[in-house]
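The values are calculated or read from the model by the stated rules, or taken from the named source; none is laboratory data. Remember, it's a predicted structure, so these values are computed and weren't measured experimentally. Don't worry about glycine lacking a Cβ; one is built from the backbone with ideal geometry, like all the others, and counts go over all protein chains shown. The accessibility values were calculated without ligands, DNA or RNA, using every heavy atom of the protein model including side chains. Shrake-Rupley method; radii C 1.70, N 1.55, O 1.52, S 1.80 Å.
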Amino acid sequence: VTTCVFCRIVAGEIPAPRILENEHVLAFRDINPQAPVHVLVAPKLHVTRLDALNDVALEAALLSACRAVAADQKIAATGYRVVINTGSDGGQSVDHLHFHVLGGRAMHWPPG
Ligand code: AMP
């Protein structure tokens, strides 16, 4: 039995609105959205963080899914941000790799 919250979302044990899905990747809405569009893109397999990802095909699938989410959510033309928080200084709070896709408003720079 896994305790990883994102593995449990992948397994359907914890509900999360699904935006898109394929064999390797799941995109679902963030429970605490920081922008009008805030979708998380995660590998279905448990990968703890960016440094633990050693599959270039999966890397490509994750980035492609981010682009597809932006198109699906109609933020591709206005622009959007993709973020990977990594480790404690990076602000990672869930130890299952995920890309944040944020849009629907102008983003600020630098991030906090
Ligand atoms: P990070 O801080 O980069 O690890 O991001 C973790 C993200 O997961 C945060 O934006 C949380 O709001 C989000 N999150 C945590 N639990 C859930 C959940 N059950 N469903 C959807 N998003 C979640």
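Inclusion of residue 9 among residues that are buried (at least 18 other Cβ atoms within 10 Å of the Cβ) and under 16 Å from residue 93 (Cβ atoms) is warranted. Contact annotation: residue pairs with Cβ atoms under 9 Å, 6 or more positions apart or on different chains, pairing a residue in segment 43-69 that is free of Cβ contacts under 8 Å to residues at least 24 places away in the same chain and more than 16 Å from residue 82 (Cβ to Cβ) with a partner that is open to solvent by less than 60 Å² (accessible area, probe 1.4 Å) and part of a loop (DSSP other than H, G, I, E, B), are 54/47; 55/47.
Do we have residue 71 as open to solvent by 40 Å² or more (accessible area, probe 1.4 Å) and more than 10 Å from the ligand (Cβ to nearest atom) here? It is true that residue 71 is open to solvent by 40 Å² or more (accessible area, probe 1.4 Å) and more than 10 Å from the ligand (Cβ to nearest atom). Scan segment 53-64 and tell me whether some residue there is open to solvent by 40 Å² or more (accessible area, probe 1.4 Å) and either in contact with a Lys or Arg (Cβ under 6 Å, 6 or more places away or on another chain) or within 15 Å of the ligand (Cβ to nearest atom) (or both). Looking for residues that are open to solvent by 40 Å² or more (accessible area, probe 1.4 Å) and either in contact with a Lys or Arg (Cβ under 6 Å, 6 or more places away or on another chain) or within 15 Å of the ligand (Cβ to nearest atom) (or both), one finds none in segment 53-64, hence no. For segment 1-46, a residue qualifies if it is within 13 Å of the ligand (Cβ to nearest atom), out of contact with any Cys (no Cβ under 9 Å at 6 or more places or on another chain), farther than 21 Å from residue 102 by Cα and at pLDDT 95 or above, and the qualifying residues are 4, 7, 8, 11, 12, 14.
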